[in-house]
């Protein structure tokens, strides 16, 4: 926390800058003593005031949520809580090594919703080993019973070292095939949209008026500054990331240097690729003129995009190009052509 406050003094923003959104992430803000967190927020907002309508999100572990924590967060200015529930089934939580129980997750979600200070966002995971359509339907039924303002739904990631990789090698039959995972994703889409949620981004759903404003800044290429271990930021055509190693991060800050792992300025064709890739993640899509520019710059993208149109995975609506939910499922095949 001390290093974070020191890094805050290194940030250079134009005079009079106000923050439209603030996101306290990593899953562990709920582990920080509330006084330390409130003190940091006070110092941050004394340098960079919050806009009157700012969205201030804090991530919470379900097992950390208490009335005292929520009261402290509300007093500190937090108005949105994001919780990684992942599933409401005990077996699936056990497979994922989650510390919280299904009962704890539900109780914590309801505590947040009962407090008028907060919006609630939940995370669910798809293609958990042994998950099937009926078990996912149970989790979705609980989601709709709780009715959070926002829901993020992610496919299980196997690209990082994890004991699940070893399990997949030993028991591949316990893991969903690509076709089965696609069916689970479309089940979520159909269920939540029928219940009044907007599927506004490839992995995100919201009740009307409750889209994640902070994350939307990334998808729209608006400036996002970043502090802390492994934090990523961007400002126009410049991108940077902080060191992922805690000791290295603290040592750099104590030396009075920015704790950067890397920093780069994107070339025009790289910015074009990012514009199209990020924009096609959104239901609103991308300007057709921008997509045409990308097609002329990246021949492989042009060919694959034609296939998407032919298969109904992409559509042109007026002057925008959009991916359908099935198109989102296969979007990596398209996005790979932009690199």
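Separation of the stretch 270-315 and the stretch 183-237, taken as the distance between their Cα centroids, equals 19 angstrom. Highest GNM mean-square fluctuation, the chain, Cα pairs closer than 10 Å: which of 255, 281, 147? Residue with maximal mean-square fluctuation among 255, 281, 147: 255.
Where does the chain land on Rg(C-alpha)/(2.2 N^0.38 Å)?
Working: Rg = 21.0 Å, N = 339, 2.2 N^0.38 = 20.1 Å.
Working it through for the chain, the quotient is 1.04.
Taking the centroid of alpha carbons for each part, the stretch 18-93 and the stretch 1-17 are 19 Å apart. Mean silhouette area of the stretch 78-125, derived from the convex hull of its C-alpha atoms and averaged over all directions, reads 3.1 nm². Take every pair of alpha-carbon atoms less than 8 Å apart whose residues are at least six positions apart; their mean separation over the length of the chain yields a relative contact order of 11 percent. Does the stretch 181-304 come out rounded, prolate or oblate, given a ≥ b ≥ c as the square roots of the eigenvalues of its C-alpha gyration tensor, rounded meaning a/c under 1.5 and, failing that, prolate meaning a/b above b/c? Note, shape of the stretch 181-304 comes out oblate. Computed over the stretch 226-265, relative contact order equals 38 percent, with contacts defined as Cα pairs under 8 Å that lie 6+ residues apart.
The ellipsoid equivalent to the alpha-carbon distribution of the stretch 268-338 has semi-axes of 16, 13, 11 angstrom, derived from the gyration tensor eigenvalues as √(5λ) and listed largest first. Test of understanding: in a Gaussian network model of the chain with alpha carbons linked when under 10 Å, which of 67, 14, 268 would top the mean-square fluctuation ranking? Largest GNM mean-square fluctuation: 14.
Every number in this text was worked out from the coordinates using simple rules, so none of it is lab data. This one's a predicted model, so the numbers in the text were calculated from it and none came from an experiment.
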